[in-house]
Amino acid sequence: MLTVRLSRPLSQLRGRTLSFYSRENEKRRTLLCHSAPLVPVSRRTYADAVDVVEPVGSRAVLLTGCDSGFGFSLAKHLHSKGFLVFAGCLTKDTGGDGVKELDSLRSDRLQTIQLNVCNSQEVERAVEVVRSSLENPEKGMWGLVNNAGISTFGEVEFTSMETYKEVAEVNLWGTVRTTKFFLPLIRRAKGRVVNISSMLGRMANPARSPYCITKFGVEAFSDCLRYEMLPLGVKVCVVEPGNFIAATSLYSPERIQSIANRMWEELPEVVRQDYGRKYFDEKIAKMESYCNSGSTDTTPVINDVTHALTSPTPYTRYHPMDYYWWLRMQVMTHLPGALSDRLYIR
Ligand SMILES: NC(=O)c1ccc[n+]([C@@H]2O[C@H](COP(=O)([O-])OP(=O)(O)OC[C@H]3O[C@@H](n4cnc5c(N)ncnc54)[C@H](OP(=O)(O)O)[C@@H]3O)[C@@H](O)[C@H]2O)c1
């Protein structure tokens, strides 16, 4: 019974109200819930106070992964807010569409930079570009947003070691590498590091281990860095988006199919035989429906990153996600495993 209740939209529950993001009218609803331990204090959960900010001036920020998705929108949004934006793009040298569009703004406050976060030389070069563009490099750079990421899916037995390493190289080691290179500039400005993790950096999910382990790593890295930077005046925030796949380029139906085809071809014979094609296809279909069910509006993520960069008191963690995933995350992270497994996994 409880399983049914918790997997049902909260709006259908009698006598309960919560702080949630309404897809219907694209506004946040700040309401109270009667069950005290699960009450989300809306202002700690959502960054709806983006107007109460420190003056931006021409503070410099570097974002990674600006070719598409959150990074692309963020680059334009932060530029519109008055930031001096360095947009790291994977496809600057090859003339990607996102790069062309950002360059077409022809602004002296927005510069695209070739930046593959897996390549130390490119990251080092990006530091030099930023340093040489700053009016006073001794004063440093205000913000670093580690956004670049890739994703994949597949149960543990379906996932090759190469896939695990490939995803970690971008999501985890790319974040660590870029942060280490830019920290001297950020420290000088007593600035901000904002890491884009995921709700899957807080709670694991079946068939998502190659992605989850990298985002759990980003969370651990961010916490360690936050503790270390606290006495130095640098603030470190984590943004944990829910499902926005329908709004970004993280997955497409074609990409899911191509991952699936490759995965099946590369499966060890024993795994293929034991699980069978029917089971495999069902899992792929489940992944496809997850991708189609996400939010199509990235505004909550953009607002949260903006808040993290501009608020005098940014939050440690931001949770831009719909209320179903928010509740599921609370259950998965705060209740005993025996209970949360029963509610959501079994
Ligand atoms: N969308 C969601 O539902 C969701 C949910 C939770 C967390 N996130 C996280 O949000 C971040 C942004 O993802 P997104 O959803 O906006 O997807 P996206 O549209 O695919 O954006 C990711 C960006 O990272 C770039 N990138 C990939 N490998 C890179 C590398 N080695 N170096 C530098 N850039 C690289 C991609 O470039 P190309 O376009 O050229 O490949 C792309 O521009 C990721 O960290 C992702 O894990 C997304």
| request: May I ask you to verify whether LEU78 is in the same structural domain as SER249 (by TED's automatic domain parsing), under 23 Å from GLY57 (Cα atoms), within 19 Å of the chain's Cα centre (by Cα) and not in a strand (DSSP E or B)? | output: yes
| request: Please find, among PRO210, PRO241, the residue that is assigned by TED's automatic domain parsing to the domain that holds THR296, assigned to a loop (DSSP other than H, G, I, E, B) and touching a helix residue (DSSP H, G or I) at 6+ places or on another chain (Cβ under 7 Å). | output: PRO241
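For segment 291-322, what are the residues that are in contact (Cβ under 8 Å) with a residue 60 or more places away in the chain, in contact with a helix residue (DSSP H, G or I) (Cβ under 8 Å, 6 or more places away or on another chain), part of a helix (DSSP H, G or I) and under 23 Å from SER151 (Cα atoms)?
Filtering segment 291-322 down to residues in contact (Cβ under 8 Å) with a residue 60 or more places away in the chain leaves 295, 297-312, 314-322.
Applying the additional criterion that residues be in contact with a helix residue (DSSP H, G or I) (Cβ under 8 Å, 6 or more places away or on another chain) yields 295, 297-298, 301-302, 305-306, 309, 314-316, 318-321.
Cutting the leftovers down to part of a helix (DSSP H, G or I) gives us 301-302, 305-306, 309.
Passing the criteria: VAL301, ILE302, VAL305.
Can you tell me how many residues in segment 68-80 are near the ligand (Cβ under 6 Å from one of its atoms) and crowded, with 24+ Cβ neighbours inside 10 Å? Before you say what the answer is, go through the steps one by one.
Keep residues of segment 68-80 that are near the ligand (Cβ under 6 Å from one of its atoms), which gives 68-71.
Imposing the further condition that a residue be crowded, with 24+ Cβ neighbours inside 10 Å reduces the set to 70-71.
Of the residues in segment 68-80, 2 are near the ligand (Cβ under 6 Å from one of its atoms) and crowded, with 24+ Cβ neighbours inside 10 Å.
I'm checking my understanding of the structure. Among residues of segment 279-307 that are hydrophobic (A, V, I, L, M, F, W, C) and over 16 Å from SER198 (Cα atoms), which one is nearest to the chain's Cα centre (by Cα)?
Per the criteria, the residue is MET287.
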| task | Specify the residue that is nearest to VAL61 (Cα to Cα); the eligible residues are those in segment 284-308 that are more than 16 Å from the ligand (Cβ to nearest atom) and buried (at least 18 other Cβ atoms within 10 Å of the Cβ). | result | HIS307
| Can you spot a residue in segment 221-237 that is within 16 Å of the ligand (Cβ to nearest atom), assigned to a helix (DSSP H, G or I) and closer than 30 Å to GLY140 by Cβ? | yes
| message | Suppose we keep only residues that are more than 16 Å from the ligand (Cβ to nearest atom) and in contact (Cβ under 8 Å) with a residue 60 or more places away in the chain within segment 238-267. Which one would you say is surrounded by the fewest Cβ atoms within 10 Å (Cβ to Cβ)? | response | GLU266
| task | Search segment 68-97 for residues that are free of Cβ contacts under 8 Å to residues at least 24 places away in the same chain and pair each with any residue that is assigned to a helix (DSSP H, G or I) when their beta-carbon atoms are under 7 Å apart and the residues are at least 6 apart or on different chains. | result | LYS92/VAL99
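The rows are residues; the columns are (1) more than 10 Å from the ligand (Cβ to nearest atom); (2) assigned to a helix (DSSP H, G or I); (3) of a type in the set (Lys, Arg); (4) on the phi > 0 side of the Ramachandran plot.
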position	(1), (2), (3), (4)
ARG106	yes, no, yes, yes
ARG131	yes, yes, yes, no
THR163	yes, yes, no, no
THR175	no, yes, no, no
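Considering only residues that are aliphatic (A, V, I, L, M) and closer than 16 Å to SER209 by Cα, which ones fall in segment 156-179?
Restricting attention to segment 156-179, the residues satisfying the condition of being aliphatic (A, V, I, L, M) are 156, 161, 167-168, 170, 172, 176.
Passing the criteria: VAL156, MET161, VAL167, ALA168, VAL170, LEU172.
The values are calculated or read from the model by the stated rules, or taken from the named source; none is laboratory data. A quick note: this is a predicted structure, and the numbers were derived from the prediction, not measured. Cβ: placed from backbone, ideal geometry, glycine included. Neighbour counts: every protein chain shown.
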